[in-house]
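For reference, the structure is listed below as structure tokens.
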Amino acid sequence: MKVAPHRLKARQVEALKEGSLSDGGNLWAVARGGSKAWSFRFTSPVTGKRREMGLGPTYDVSLAKARELASAARALLRDGIDPVNNRSDEKAQLKRERGISFEELASRYISEQSAGWRDQRWPSLWRSSLEKHAYPVLKEKPVSAIDTDDILAVLRPIWTTKTETASRVRSRIERILDYARTQSWREGENPARWRGHLSNILPAPGKVTQGGHFAALDRKDVPRVMAALSASEGLAAKVARFICLTAARSGEARGAVWSEIDLENRVWTVPKERMKAAKEHRVPLCDAAMDILREIAPLREKEDGLLFPGQKAGKPLSDVAVSKALHIAAGTKAVTIHGLRSTFRDWAAEETDYPREVAEMALAHAIGDKVEAAYRRGDLFAKRRQMMDDWEKWALCDTRSVDTILVTG
């Protein structure tokens with residue numbers, strides 16, 4: 001039943017201790033737990049459901065002012081507008097008008113999301129990539145004003161030369177701008193989205209020339225480079241050899257700790273927290289890999305200490321140091337540590353009869369086909385051990401006989 005407005009006196013509101021009093025016209029004074037505030041109660045013209053909108057505390061909003069606010073809300077209802085929704089729209093508009101810079105919003109996003117990221121390095125990697133590639137264009141720009149031309153100004157200089165980096169930067173910008181829209185800092189479509197937008201402008205990352213890929217060592221050069229690495233007494237050279245013999249990622253090997261190594265069964269188990277696919281990965285260790293572990297055993301300080309410690313306590317050897325050791329051994333900077341995984345994959349495909357899935361499992365690649373993933377729940381460990389032993393034979397063979405080796409799986 002509708003009640004005409006202006007039924008209360010100011011002293012009645014002041015005397016209210018607990019409960020509620022109606023002023024009519026959907027306006028109520030509500031006292032709960034020692035606090036007292038104005039409330040506008042109504043049925044939403046949008047959803048047909050009962051709703052309640054706070055108009056402020058009675059000590060701050062007078063009876064007369066509360067009636068003005070209630071009158072304005074009733075006017076919106078007559079026009080078929082939900083007052084709560086309208087207030088949210090007004091706040092969002094005010095946010096957009098005030099603006100927030102891309103740098104500030106990116107910092108907020110990283111801070112809020114980092115607690116849920118499994119790799120503790122990601123916040124610093126996000127910040128460094130944005131500082132290097134995005135901030136020169138977007139740093140001070142209000143997120144509400146960022147458009148497609150701005151995104152292209154960030155991506156075009158690196159799209160064909162640093163394709164993987166450019167793809168990561170684009171994805172990070174897209175997520176930050178999605179966050180901005182959710183937080184009402186901007187509206188409209190996301191100018192950094194790929195599908196149906198940037199895909200119509202930039203070539204697909206997978207089709208860009210090899211400039212964006214990791215440079216890989218030719219498989220026939222592996223024995224020569226491994227011999228050069230073996231001749232070095234440096235720890236970085238040992239890491240490079242270990243990475244080659246295990247087909248591991250640089251970060252996985254450099255961050256390995258002794259508690260992950262089962263010396264008796266010759267197995268290295270990388271926990272899911274350190275894996276790209278967030279899944280535990282078992283690595284069979286060949287004779288040469290075990291030899292490396294024996295070589296570095298004197299460096300072991302504690303049970304869970306790093307296999308390859310860096311100069312700073314508790315920190316692993318840097319990727320830069322390992323890359324430098326590889327460059328010296330190879331006699332060129334045109335190869336990368338990560339490229340050793342591609343070298344291994346090329347060897348498995350071109351020089352052996354091992355099934356594709358065995359090599360993919362050795363590289364800890366995610367299985368793209370859901371049906372294949374459902375049927376193959378094991379990790380093909382026995383077959384992978386045989387394959388890694390054969391890879392060791394290739395990697396350490398006499399360079400004069402490498403052309404004559406054919407391995408069958």
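The values are calculated or read from the model by the stated rules, or taken from the named source; none is laboratory data. All values reported here derive from a predicted model rather than from experimental measurement. So basically every Cβ, Gly included, is an ideal-geometry build from the backbone, and we count neighbours across all protein chains shown.
Quick notes on this one:
- Tallying residues that are modelled with pLDDT under 90, of a type in the set (Lys, Arg) and within 28 Å of LEU380 (Cα to Cα) within the range 306-358 yields 1.
- Test: ALA204 is without any contact (Cβ under 8 Å) to a residue 40 or more places away in the chain and of a type in the set (A, V, I, L, M, F, W, C): yes
- The lone exception for ALA115 - which of (1) more than 21 Å from TRP194 (Cα to Cα); (2) out of contact with any Asp or Glu (no Cβ under 9 Å at 6 or more places or on another chain); (3) surrounded by 13 or more Cβ atoms within 10 Å (Cβ to Cβ); (4) not β-branched (Val, Ile, Thr) it fails: (3)
- When the range 73-126 is filtered for residues that are polar (S, T, N, Q) and at pLDDT 85 or above, the ones remaining, listed by number, are SER101, SER107, SER111, GLN113, SER114, SER124.
- If only residues of the range 275-300 that are at pLDDT 90 or above and basic (Lys, Arg) are counted, the one that is surrounded by the most Cβ atoms within 10 Å (Cβ to Cβ) is ARG282.
- Selection from the range 255-275 of residues that are part of a loop (DSSP other than H, G, I, E, B) and over 27 Å from the mean Cα position of the chain (by Cα): LEU263, GLU264, ASN265, ARG266
- Scanning the range 141-191 for residues that are polar (S, T, N, Q), in contact with a helix residue (DSSP H, G or I) (Cβ under 9 Å, 6 or more places away or on another chain) and in a helix (DSSP H, G or I) turns up SER144, THR148, THR163, THR165, SER167.
- Candidates in the range 229-250 are the residues that are over 19 Å from ALA348 (Cβ atoms) and surrounded by 18 or more Cβ atoms within 10 Å (Cβ to Cβ); of these, the one that is farthest from the chain's Cα centre (by Cα) is LEU229.
- Within the range 156-183, being touching a Lys or Arg at 6+ places or on another chain (Cβ under 6 Å) and either touching a residue at least 40 places away in the same chain (Cβ under 8 Å) or surrounded by fewer than 15 Cβ atoms within 10 Å (Cβ to Cβ) (or both) holds for one residue alone: ALA180.
- Any hit, the range 335-343, residues being more than 15 Å from THR246 (Cβ to Cβ), in the same structural domain as ILE243 (by TED's automatic domain parsing) and free of Cβ contacts under 8 Å to residues at least 12 places away in the same chain: no
- Of residues in the range 276-309 being without any contact (Cβ under 8 Å) to a residue 12 or more places away in the chain and assigned to a helix (DSSP H, G or I), the one farthest from ALA248 (Cα to Cα): PRO298
- Of residues in the range 146-155 being free of Cβ contacts under 8 Å to residues at least 24 places away in the same chain and over 21 Å from the mean Cα position of the chain (by Cα), the one surrounded by the fewest Cβ atoms within 10 Å (Cβ to Cβ): ASP149
- Residue in the range 309-354 that is surrounded by the most Cβ atoms within 10 Å (Cβ to Cβ), counting only those that are over 14 Å from LEU235 (Cβ atoms) and in contact with a Gly (Cβ under 7 Å, 6 or more places away or on another chain): TYR354
- LEU55 under 23 Å from SER184 (Cβ atoms), at pLDDT 85 or above and either of a type outside the set (Asp, Glu) or surrounded by fewer than 17 Cβ atoms within 10 Å (Cβ to Cβ) (or both): yes
- Checking VAL30, VAL13 one by one, the residue that is in contact (Cβ under 8 Å) with a residue 12 or more places away in the chain, surrounded by 15 or more Cβ atoms within 10 Å (Cβ to Cβ) and within 19 Å of ALA64 (Cβ to Cβ) is VAL13 and no other.
- Number of the condition not met by TYR135 [criteria: (1) in contact with a Leu (Cβ under 9 Å, 6 or more places away or on another chain); (2) surrounded by 15 or more Cβ atoms within 10 Å (Cβ to Cβ); (3) at pLDDT 90 or above]: (1)
- For beta carbons closer than 7 Å, sequence separation of 6+ or different chains, a first residue in the range 316-327 that is assigned by TED's automatic domain parsing to the domain that holds GLY305 and a second that is surrounded by fewer than 23 Cβ atoms within 10 Å (Cβ to Cβ) and of a type in the set (S, T, N, Q), the qualifying pairs are ASP319/SER250; VAL322/SER250; SER323/THR336; ALA325/SER232.
- VAL46 being in contact with a helix residue (DSSP H, G or I) (Cβ under 9 Å, 6 or more places away or on another chain), β-branched (Val, Ile, Thr), more than 16 Å from LEU77 (Cβ to Cβ) and at pLDDT below 90: no
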